Amino acid sequence: MAFDFFHRGRKDLPEGIAPDRVPPGQVVTQKWPVLHAGGVPRIDLATWDFRVFGLVERPLRLSWEDFRALPRASVNCDIHCVTRWSRLNNTFEGVAFEEIYRRAQPKASARYVLVHAENGFTTNVSLDELLKPNVLLADRHDGAPLAPDHGWPLRLVVPHLYFWKSAKWVRGLEFLERDRPGYWEQYGYHMHGDPWKEERYS
Ligand SMILES: Nc1nc2c(c(=O)[nH]1)N[C@H]1C(S)=C(S)[C@@H](COP(=O)(O)O)O[C@H]1N2
Ligand SMILES: [Mo]
C-alpha cells in the first residue's frame, strides 16, 4: 500500500498495525500513562453511589451492589490522549452506557450529558456520542479491576473521543438540553474532542 511507504519510519507502530489505525499527531505507547488533575480520591464502596439526574423521567441512584447487578458488557478499543499518546487493544469491562440510558428514560429535550466525578471533576459529552457503540461505564481493564489511579471503582470510557472525556472516579451523569463545558473544557479543551479531526483545543 503506497500509504504505508511514507509511514515506514514510524518506530512507535507495533508489528502489523496499519498507520491509519492511529489518529493524526498521536504516538503509540505500550504502557498506560496516568494523567489527572489533583489526587487519587479515597473511596468507600459502602457509601459510594452513582446518580443519573437532570432531564430524565426516572432519576437513578445506584449503590455499588446495584451497579454490579446490571448486565455486563466488554469492549476492545484503542484510546487516544490529547497529550499525544495512544494505547491500542484495551479490553474494558463494565456496563454499557445504553443500559443506564434505557433505565433512566431521558426526556426528549435531553441532548448533552455533563459527566460528574469525584472532587468536582466534570466533562461534557453529547448524547449522540454516548449512544455510539463501545461506550462503557468500566470497572475492569485487561482482565483486572481498575487500578485506583486509573479510576477505580468506576470510570467512563468513550473510546472514539480524546481520553479526557473518559472521566475517572465517575459518580454521575447529568442530562442537559444545552452543552455545558466541563473541567478541562473550561481551560480551553475542545467541547467535542474528536481525535480523528484533532479537536484538541477550542
Ligand atoms: N476524574 C478525573 N477524570 C479524568 C481526569 C481528571 O483529571 N479527573 N483526566 C482526564 C484526562 S486529561 C485523561 S488523558 C485521562 C487519563 O486516564 P488514565 O490516567 O487512566 O490514562 O483521564 C481523564 N479523566
Ligand atoms: Mo488528558
Quiz item: Can you give the helix-only mean residue ellipticity at 222 nm for the chain, where every DSSP H stretch with n ≥ 4 adds -39500 (n - 2.57) and the sum goes over all residues, rounded to the nearest 500 deg cm²/dmol?
Solution: -3000 deg cm²/dmol
Practice problem: Percent of Cα-Cα pairs per 10 Å bin, from 0 to the last occupied bin, for the chain, please list those. | Solution: 9, 35, 36, 15, 4, 1
Quiz item: Between the DSSP loop rule and a limit of at most 14 other Cβ atoms within 10 Å, which trypsin sites (Lys or Arg not before Pro) in region 49-90 are left?
Solution: ARG72, ARG84
Practice problem: Report the full-extension gain for the segment ALA144 to TYR201: residue separation times 0.36 nm, less the Cα-Cα distance, to one decimal in nm. | Solution: 17.2 nm
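DSSP loop (so not H, G, I, E, B), at most 13 other Cβ within 10 Å: list which chymotrypsin sites (Phe, Trp or Tyr not before Pro) in region 103-188 pass both filters. Don't skip to the answer; put the middle values down first.
On the way: sites: TYR112, PHE121, TYR162, PHE163, TRP164, TRP169, PHE175, TYR183, TRP184, TYR187; in loops: PHE121, TYR162, TRP169, TYR187.
Filter output for region 103-188: TYR187.
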Quiz prompt | Computed label-point distance, nm, for sites LYS132 and ASN119 using a 7 Å Cα→Cβ extension | solution = 2.9 nm
Exercise. Would you mind checking region 72-86 for residues with the amide N under 15 Å from a putative spin-label position 7 Å along Cα→C-beta of ARG21?
Key: 76-80, 86
Quiz item: Karplus couplings for region 68-83 from phi (6.51 cos²θ - 1.76 cosθ + 1.60, θ = phi - 60°), rounded to Hz, Gly and Pro as x?
Solution: 5, 8, 6, x, 9, 9, 10, 9, 9, 8, 9, 10, 10, 8, 5, 7
Self-check item: region 169-202: trypsin sites (Lys or Arg not before Pro) in DSSP coil with no more than 11 other Cβ atoms inside 10 Å
Solution: ARG178
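Sort out the exposed loop GluC sites (Glu not before Pro) in the chain (DSSP loop, at most 15 other Cβ within 10 Å) and tell me the longest stretch that has none. Provide the component values of the computation, followed by the final result.
On the way: sites that count: GLU15, GLU57, GLU177, GLU198.
Counting only loop sites that pass the neighbour cut-off, the longest clear stretch is 58-176.
Bear in mind these aren't lab numbers, they're just calculated from the coordinates by the rules spelled out. Just so it is clear, the structure is predicted and the values come from calculations on it, not from any experiment. Ideal geometry is used to build each Cβ from the backbone, glycine not excepted, and the neighbour counts take in all protein chains shown.
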